[in-house]
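Reviewing the structure listed below.
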Amino acid sequence: MQNTESHTFHFLSEISKENTYRLLFPDSKAGMAIIWLYEKLESGYFPDGFFKESDIHDALLDVSSVDLDNGKYHLKEHYNAIIGDLQEYFLRYDDEKQHYSFKEYAFSFCKHAKDTLKSFFDPTQIEIICSNLRDKLTSCDNEQKLLEWFSLEFSTFKPRLKSQLDYLDKQIDQSVADLRENRKLNLQEGTILDTLRQIDERFEIIRTQNKELRTAFRVTEEIRRSLNNYSEQYDNDEISKNTHNAITFFQEMRYVLLLIDKRLDRIQPRIKQLFSNLNKPLFNIKIEKFIGFLIRNSTEINIVGSRELSLPQGIHQVAINRELSDFIIVERKSDLFPTKPKKRIVVTENPELKQKAFASTINQVFQQDEVARWLNTLANRLQEEKMVDLSDFFFKILEEEKRENALSLAISVVYRSIKLYEQQSQYEVLINPNVVKSKKGTKTTLWQIIIHQK
C-alpha cells in the first residue's frame, strides 16, 4: 500500500520556506515593474511577447523615478538582483536569444489585480447570473450534472457576488476616510461642508445599490429550495456537503447586505448632525463678514436736507418705514344670522354592550396573568436545565391550554420570551430557520428557537 502522507501538500508550510513568500509577492517596485511590462504586452508594444533586459531596467526606472546617471553601475547591479528574483515565478529567460517572456503566474498576478481594481457595481448582471444559476440547476436530472453545477457554475458565481459586496463596503470605507481627511481642513473655506454633501449623496447611492443587489439576490431563495429538494432526492454525501456550503454562502451574503445597511444607518445620521453643527458657525462667520463689509463700505449722503445711509453698490436698499393701509371694518350683527340650536344627544346605557366590553377587558387581564405564569415556568426550566427549546415549549402551551385563545397565549409567551432573554447578557437566543418544528393535530409550524444560558 502506497503511503500518501508524504505527497500531502501543506500550503502554509510550503509558502513559509526560505524566500518563497517574498518571491511570490515581490516588493512594490518589482511588482509595479511587472505590471508596467504587462501593460506594454497588452498594448502590443512587444508583438512577439518577448522583451530584453534593458526593457526590464526601463520598467524599474520608470516606476521608481531614479536618475540612472547617479550611481549608474550600482543601480544596474541592484536591478539585476531584482530580475534574478523575478525569474523564479514571473520571468522566463531564453539563453540563446537573450530575451525574456512572462511565465503564466505573471499573467495571473497582473490580471487578478486589474480585475479587482476594475470591478464595478452592476446588480443587473448579478440578477442575470442568479437567474441562469437557477435555470441550470433546475435542469439537472441526475447526480453527475448536479455535481458539475456545483463545481462549474456555482464556483464561478461566488467570487462575482463577493466582489460586488466588497465594492459597496469599500465605498463606505473610502467615504469615511475622505471625511476624516477633510475634517482637518479650514472650516472658513467651506471645503468640509462640500465634502459632507458629496459623502452624504454617495451614501444614498450606496444604500440604493444595496437594495438593488438585495432585489437581484431574491432568486437565490428559489435556488436554496431546489438544493434542499435535490439533497433529499439523492443520498450522496458530496451533494449534501455542497448543498450545505451553498446555503451557508447565501446566508452569509444576506448577512453582509444587512451589515452594510446597519453601517449606513450608523454613519448617515452622524454626518447630518455634523453638517448641521458645522453649518451654524460658518453661517455666523458669513454674517459677521457681511456686517463688516457694510460698515466699511457704506456712506452717508444728504437728500433734501436730511442725512441718509447709502449702502455699497450692488446691495439693494430695503424699505423699513412703510405707509400703513387703511382697512374698512364691516361690523357683523350677531342676530343677523342666528345659529340654530343643536339637539342634545342623550346616551342611553346598554347593559349587554357594557357587559361585553367588561368581559373583553377581563379576558385581556386574565391572559396577561397566564402569560406571566408560563414565563415563570420557562424561567424555572432555564434555571434547572440551562437550555430550553422554545419551539417545543410553544407546542406544550397549545397542548395544555384547552381554551379558545390558546394560540394567542402561546404566541404572546414566545414573543415575550425572545424579547426578555435577548436583553439579558447571560442568555443567548438562537433561531435556526433550517429546522422547522410542528406538532401533530395542529396546522402551526415554527422555526427552532433555542434559549440557553451562557
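The values are calculated or read from the model by the stated rules, or taken from the named source; none is laboratory data. Please read all numbers here as calculations on a predicted model, not as lab measurements. So basically every Cβ, Gly included, is an ideal-geometry build from the backbone, and we count neighbours across all protein chains shown. Accessible surface is based on the protein model in full, side chains and every heavy atom, while ligands, DNA and RNA are left aside. Shrake-Rupley method; radii C 1.70, N 1.55, O 1.52, S 1.80 Å.
Overview of values
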read-out	value
Filter on Lys29/Lys52; Lys396/Lys443; Lys76/Lys103 - keep pairs with C-alpha separation over 20 Å	Lys76/Lys103
Shape category assigned to region 16-115 from the gyration tensor of Cα positions, a/c cut at 1.5	rounded
Amide proton proximity set for Ser310, modelled H, under 5 Å, gap of 5+	Thr299, Glu300, Ile301
Sites Lys145 and Thr442 - FRET efficiency at Förster radius 51 Å, r taken between beta-carbons, to 0.05	0.80
Heavy-atom accessible area ranking, 1.4 Å probe, most first, across Glu232, Glu422, Glu401	Glu232, Glu422, Glu401
Accessible-area order (highest first, 1.4 angstrom probe) of the listed residues Phe50, Phe90	Phe50, Phe90
Residue-normalised accessible area of region 365-454, expressed per residue, 1.4 Å probe, Å²	64 Å²
Stokes-Einstein diffusion coefficient of region 351-453, Kirkwood radius over Cα pairs, 10 °C, 1.306 mPa s, in µm²/s	107 µm²/s
Å² per residue, accessible surface of region 9-108 at 1.4 Å	66 Å²
All lysines inside 30 Å of Lys289 as judged from Cα atoms, apart from same-chain residues fewer than 8 positions distant	Lys184, Lys272, Lys280
Above-threshold pairs, the threshold being 27 Å between Cα atoms, out of Lys158/Lys211; Lys241/Lys386; Lys241/Lys437	Lys241/Lys386
Most to least accessible of Asp94, Asp261 (protein chains only, probe 1.4 Å)	Asp94, Asp261
Accessible-area composition of region 351-453, carbon plus sulfur, in percent [1.4 Å probe]	53 percent
Prolate/oblate/rounded label for region 387-427 (Cα gyration tensor, a/c 1.5)	oblate
